[in-house]
Amino acid sequence: MNKKILWLAGIVIILSAAILGFYVIQKQQEAARVDIHLVAMGDSLTEGSGDEKKDGGYVGIVKNDLKKREDVNKVTTENYGVGGNRIDQLMKRLETQKDFQKSVKQANAISITIGGNDVMKVVRQKLLDANEKDFTKASQTFDAHLKELLDEVRRLNADAPIYLFGIYNPYTTYFSEMKVFDDIIANWNAATKKTLKAEKNAYFISINEQLEERGATKVGKANPNLADDFFHPNHSGYKKMADALYKQIGASIEDGNIE
């Protein structure tokens, strides 16, 4: 009888230790998970214009994707995208809107889309008379404003990683012969990337290769990554943007830059 009691007691002790160990490991895993509070700001690409599935563009898609990560506990997003915004208009909103400022302060990840409307302003003003010098001047003005915007974001939030999307050429299928526009986009992105490099914990996300369609069979046809307006991404295009952001946020989590 005593041996049987001792045997049962041993089994209970072993099971208890296993349950306790499992509980401790589970709690450690839960503690290691991060809560992500993503604040997205910018223009219509952040707003999600063109997403025919109404998933909120890249912001909504990346939110759902991040929720599936084992190292993520909870994901919240706030969207401060406004269609048509140029960088000076985004800056003004951030400087004057208290709720916007509060959100940036509380964020542990910040994404930005801006620049497309600054380029298009030159196109609308100059039409076919626009040359590279016009865009170079606009790019210099944009980069000066971008530096001010990044300074303001860092004044409000010194630590959260910043993810800035580059711009893309939406006219590669219908105006593939306009190589000058490719040069303009490339130079604009290069200048933006250089400005961003001077900032701590800030990352440039290139999307032109993902969104531009350059297949010979697509010349004169609609870009499959763009919406019916031939300018904004469609759901497929936004998924590519979200994938690029997801990859960068994932790296930040693994590096301990999002807490």
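Taking first residues from the stretch 235-259 that are within 16 Å of SER206 (Cβ to Cβ) and partners that are modelled with pLDDT of 95 or more and open to solvent by 30 Å² or more (accessible area, probe 1.4 Å), the Cβ contacts under 7 Å between residues at least 6 apart in sequence or on separate chains come to ALA242/ASP65; TYR246/ASP65; GLN248/TYR203.
Out of THR76, THR136, THR141, which single residue is open to solvent by 20 Å² or more (accessible area, probe 1.4 Å), farther than 28 Å from ASN225 by Cα and not aromatic (Phe, Trp, Tyr)?
Matching residue, one of THR76, THR136, THR141: THR141.
Scanning the stretch 34-68 for residues that are open to solvent by 40 Å² or more (accessible area, probe 1.4 Å) and in contact (Cβ under 8 Å) with a residue 12 or more places away in the chain yields a total of 6. What residue, among those in the stretch 208-231 that are of a type in the set (Gly, Ala, Ser) and at pLDDT below 90, is least open to solvent (accessible area, probe 1.4 Å)? If we take residues in the stretch 208-231 being of a type in the set (Gly, Ala, Ser) and at pLDDT below 90, then GLY215 is least open to solvent (accessible area, probe 1.4 Å).
The rows are residues; the columns are (1) over 30 Å from ASP159 (Cα atoms); (2) small (Gly, Ala, Ser); (3) not in a helix (DSSP H, G or I).
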residue	(1), (2), (3)
ASN189	no, no, no
THR195	no, no, no
GLU199	no, no, yes
TYR203	no, no, yes
GLY220	yes, yes, yes
ASP228	yes, no, yes
ASP243	no, no, no
ILE249	no, no, no
GLY256	no, yes, yes
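Within the stretch 136-168, the set of residues being touching a helix residue (DSSP H, G or I) at 6+ places or on another chain (Cβ under 9 Å) and among the basic types (Lys, Arg) comprises LYS137, LYS147.
Residues of the stretch 103-126 that are touching a residue at least 60 places away in the same chain (Cβ under 8 Å) and closer than 16 Å to HIS145 by Cβ: ILE112, THR113, ILE114, GLY115, GLY116, ASN117, VAL119.
Counting the residues of the stretch 79-108 that are touching a His at 6+ places or on another chain (Cβ under 8 Å) and open to solvent by 40 Å² or more (accessible area, probe 1.4 Å) gives 2.
The residues listed here are ILE185, ILE205; of these, the one that is at pLDDT 95 or above, under 23 Å from LYS239 (Cα atoms) and open to solvent by less than 20 Å² (accessible area, probe 1.4 Å) is ILE205.
Out of LEU164, LEU128, one residue alone is modelled with pLDDT under 80, outside any loop (DSSP other than H, G, I, E, B) and under 30 Å from LYS221 (Cα atoms). It is LEU128.
For the stretch 62-79, enumerate the residues that are part of a strand (DSSP E or B) and not polar (S, T, N, Q).
Listed by number, the residues that qualify are VAL72, LYS74, VAL75, GLU78.
Taken across the stretch 167-179, residues that are part of a helix (DSSP H, G or I), more than 16 Å from GLY116 (Cβ to Cβ) and in the same structural domain as GLY116 (by the TED database) do occur, with at least one present. Scanning the stretch 69-90 for residues that are more than 24 Å from ASN117 (Cα to Cα), of a type outside the set (Lys, Arg) and touching a residue at least 60 places away in the same chain (Cβ under 8 Å) returns ASP71, VAL72.
The values are calculated or read from the model by the stated rules, or taken from the named source; none is laboratory data. If you're wondering where the values come from, they're calculated on a predicted model, not measured in any experiment. Glycine also receives a Cβ, built like all others from the backbone with ideal geometry; neighbour counts cover every protein chain displayed. Each accessible area value is taken on the protein alone, full model and side chains, heavy atoms only, with ligands, DNA and RNA left out. Shrake-Rupley method; radii C 1.70, N 1.55, O 1.52, S 1.80 Å.
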